[in-house]
Amino acid sequence: MGKKTNIRTGKRYRNGRAAEKYDAIVIGSGIGGLANAAFLSHLGQKVCVLEQHYTAGGFTHAYEREGYEWDVGVHYIGEVHKPHSTLRRVFDVISEDRLKWAAMDPVYDKINLGDKEYNFVAGKQNFIQQLTEYFPAEQEVIEDYVALISRVSTLTPKFFAAQAMPKWMGRAYNAVRPALMPKEFFQSAREVLEGMTSNQELISVLTGQWGDYGQVPAKASFVMHALIAKHYLAGGAYPVGGASAISRTIIPTIQKSGGEVFTYAEVKEVLVENNKAYGVKMANGDEILADKIVSNTGFMNTVSKLLPEESRALHKVDQWIPKVERSSAHLCLYAGFKGTAAELGLEMSNLWLYPSGDHEGNLEAYEAKDPCDPDTEFPLLYVSFPSTKDPEWEERYPGKSTVEIVTVSDMKWFDNWEGSTWQKRGGSYEGYKKQICDKLLARLFERLPQLEAALDYCELSTPLSTQFYQHNDRGEIYGLNHYVDRFKQPFLHPQTPVNNFYMTGSDVMTAGVGGALMAGLMTTFCMTGPRGAKKVNRLLKDHGKNLSKPAA
């Protein structure tokens, strides 16, 4: 047996363990909530984070089964292996340099369209050179594309500046924002790319990471696409010690000002009086008070579950909901294999497997059928090898390897078991899952036949799993969809109409660990005003200066 790390993080909530009052309560321990709580702690505030799951971290947590460990969302993260990048400095500050990162190999993604494969290689010039080898007549387009996504990334703080402002000021800023930003910020990914080239195969390759934000190019905002593409342009990285290292290294920062992160701590409702939030009511009836409350549970859960009925009626919340849409659900196969990465011939590179380059057509055909139908092709398969990415894996799990396969799903396929209890859904559910498992494994073994004999364990998570663990009613993985009009909605702001009640997480910014992380920062700015923002920016700036100092 290897040297095991406790991957369950946080302290189990029980009556009497929490203080009577805190400076702030954060509901939900995803990376946005953890970042917000850690920054507030740096400002001297006592923060209580409440997580209904058995472990902290949200989609950054890890879980263990049958002697294997998998991440549930931290498949790879960009830019954090660059010490001076904004994301790296934010992570360093909230973890006080405890969180370490391991860079992946240069080829971080392999895009497969049918029987053709295209490598994404780390580094702008490497990326351009490799794609130009595939599309020699499109070199200028590829260069312009890389320049454009870099420009969009640089201008993104300006695009999202309203999220750091008081809500009234942010609304005024967003009214003039179209005049301040390039037109690409208000177009779909396909619209922008078809304005650059008529080569549909190149467009299919460039949008080959659409699973990272959950929408096909015709529907996704180009902003969302550009942020993801630029995010990985310098390659990918993975937390040393596995995904649970993220929450494990941030929690001490929250604790240092007297705060705590509690698990098994389900919040039933935010306490509101005279349109002012003053605490939370727990599922067990306990009440915990605080000067400010932050929801990191997503927009839908925040407005439909946490807000009391009177507040929902007062602010006409029901009129907001039709203006946004839930993201897609997903299936994820978690598989464990006997043998090391070297013995099994596994690489770090992620695989994106598509039946063809028609992303929209593939998804439309898939959604019209049942995933168990033998004729149904998965519109995409994302295959990740977490055990190859963590340099401490072999020390912790010697002689073993793990693989994850993610694809799109729809809750409608699982409505027959709606309301059933986890692990007690019966033989029909298990049989349905097995059919999907077998199809996913067959595709994996087509690509990596050496894994078939080494398979030791596998299990499938469905939208019902996401509903159970994340409380997302339709099993949505990315919160809200990232179409153009989503970014025009004034209610997707850290400051809610209820005084002292805020939101954070990906719905405030964008999908992914990076988007949710930056939402935690923006919510902190919004909560603490110019004075608090100045102090936090000083922390980030000073950390950058320290990185620039020569070693003693």
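The values are calculated or read from the model by the stated rules, or taken from the named source; none is laboratory data. Bear in mind that the values here come from a model prediction, so they are computed numbers and not experimental data. Here the Cβ is made from the backbone with ideal geometry for all residues, glycine too, and neighbour counts use every protein chain on show.
Among the residues of the stretch 249-301, those that are touching a residue at least 24 places away in the same chain (Cβ under 8 Å) and of a type in the set (Lys, Arg) comprise LYS256, LYS276, LYS292. Within the stretch 399-411, residues that are under 16 Å from ALA368 (Cβ atoms) have Cβ atoms under 6 Å from residues that are aromatic (Phe, Trp, Tyr) in these pairs: THR407/PHE378, counting only partners at least 6 apart in sequence or on another chain. For the stretch 163-175, a residue qualifies if it is small (Gly, Ala, Ser) and either out of contact with any His (no Cβ under 7 Å at 6 or more places or on another chain) or closer than 17 Å to VAL536 by Cα (or both), and the qualifying residues are ALA164, ALA172, ALA175. The set of residues in the stretch 162-180 being free of Cβ contacts under 8 Å to residues at least 24 places away in the same chain and either crowded, with 17+ Cβ neighbours inside 10 Å or in contact with an Asp or Glu (Cβ under 9 Å, 6 or more places away or on another chain) (or both) consists of ARG177 alone.
Say whether the condition of being part of a loop (DSSP other than H, G, I, E, B), outside the structural domain of LEU289 (by TED's automatic domain parsing) and modelled with pLDDT under 95 is met by at least one residue in the stretch 443-459. No - not one qualifying residue is present in the stretch 443-459. Residues of the stretch 354-371 that are farther than 13 Å from ASP410 by Cβ and in contact with a helix residue (DSSP H, G or I) (Cβ under 7 Å, 6 or more places away or on another chain): TYR354, PRO355, SER356, GLY357, HIS359.
Does SER247 meet the test of being outside any loop (DSSP other than H, G, I, E, B), touching a helix residue (DSSP H, G or I) at 6+ places or on another chain (Cβ under 9 Å) and more than 30 Å from LEU50 (Cα to Cα)?
Criteria not met by SER247.
In the set (1) assigned to a helix (DSSP H, G or I); (2) modelled with pLDDT of 95 or more; (3) out of contact with any strand residue (DSSP E or B) (no Cβ under 9 Å at 6 or more places or on another chain), ASN416 fails one condition alone, (2).
Can we say ALA283 is within 27 Å of HIS75 (Cβ to Cβ) and among the small types (Gly, Ala, Ser)? Spelling it out, it is not the case that ALA283 is within 27 Å of HIS75 (Cβ to Cβ) and among the small types (Gly, Ala, Ser). A search for C-beta distances below 7 Å between a residue of the stretch 131-151 that is closer than 15 Å to VAL192 by Cβ and any residue that is buried (at least 16 other Cβ atoms within 10 Å of the Cβ) and of a type in the set (Ser, Thr, Tyr), counting only pairs 6+ apart in sequence or on different chains, returns VAL141/THR197; ILE142/THR132.
In the condition set (1) buried (at least 22 other Cβ atoms within 10 Å of the Cβ); (2) more than 28 Å from the chain's Cα centre (by Cα); (3) among the hydroxyl-bearing types (Ser, Thr, Tyr), THR297 is compliant with all but (2).
Within the stretch 178-194, is even one residue assigned to a helix (DSSP H, G or I) and among the hydroxyl-bearing types (Ser, Thr, Tyr)? Give the derivation first.
Start the filter on the stretch 178-194 by keeping residues that are assigned to a helix (DSSP H, G or I), which leaves 178-180, 183-186, 189-194.
This time we only want the ones that are among the hydroxyl-bearing types (Ser, Thr, Tyr), so: none.
The answer is no, given that none of the residues of the stretch 178-194 is assigned to a helix (DSSP H, G or I) and among the hydroxyl-bearing types (Ser, Thr, Tyr).
Step by step: first the residues of the stretch 488-510, then only those that are closer than 14 Å to GLU325 by Cβ and touching a helix residue (DSSP H, G or I) at 6+ places or on another chain (Cβ under 7 Å), then the one that is surrounded by the most Cβ atoms within 10 Å (Cβ to Cβ). Which residue is that? Per the criteria, the residue is ASP507.
The strands (runs of 3 or more DSSP E) found entirely in the stretch 1-107 that carry 2 or more residues being among the acidic types (Asp, Glu), buried (at least 24 other Cβ atoms within 10 Å of the Cβ) and touching a residue at least 40 places away in the same chain (Cβ under 8 Å) are 68-71.
Inside the stretch 206-228, can you point out the residues that are touching a helix residue (DSSP H, G or I) at 6+ places or on another chain (Cβ under 7 Å) and over 16 Å from GLU194 (Cβ atoms)?
Initially, the stretch 206-228 is screened for residues touching a helix residue (DSSP H, G or I) at 6+ places or on another chain (Cβ under 7 Å), giving 206-207, 209-210, 212-213, 216-218, 220-223, 225-228.
Correct list: GLN209, ASP212, TYR213, VAL223, LEU227, ILE228.
Pick out the one residue from ASP507, ASP473, ASP542 that is among the acidic types (Asp, Glu), out of contact with any Phe, Trp or Tyr (no Cβ under 8 Å at 6 or more places or on another chain) and outside any helix (DSSP H, G or I).
Details: ASP507 fails: out of contact with any Phe, Trp or Tyr (no Cβ under 8 Å at 6 or more places or on another chain); ASP542 fails: outside any helix (DSSP H, G or I).
ASP473 is the lone residue from the list that is among the acidic types (Asp, Glu), out of contact with any Phe, Trp or Tyr (no Cβ under 8 Å at 6 or more places or on another chain) and outside any helix (DSSP H, G or I).
Please work out if SER153 is surrounded by fewer than 22 Cβ atoms within 10 Å (Cβ to Cβ), part of a helix (DSSP H, G or I) and not assigned by TED's automatic domain parsing to the domain that holds VAL403. Answer is yes for this residue. Filtering the stretch 98-128 to residues that are touching a Phe, Trp or Tyr at 6+ places or on another chain (Cβ under 8 Å) and among the small types (Gly, Ala, Ser) leaves ALA102, GLY114, ALA122.
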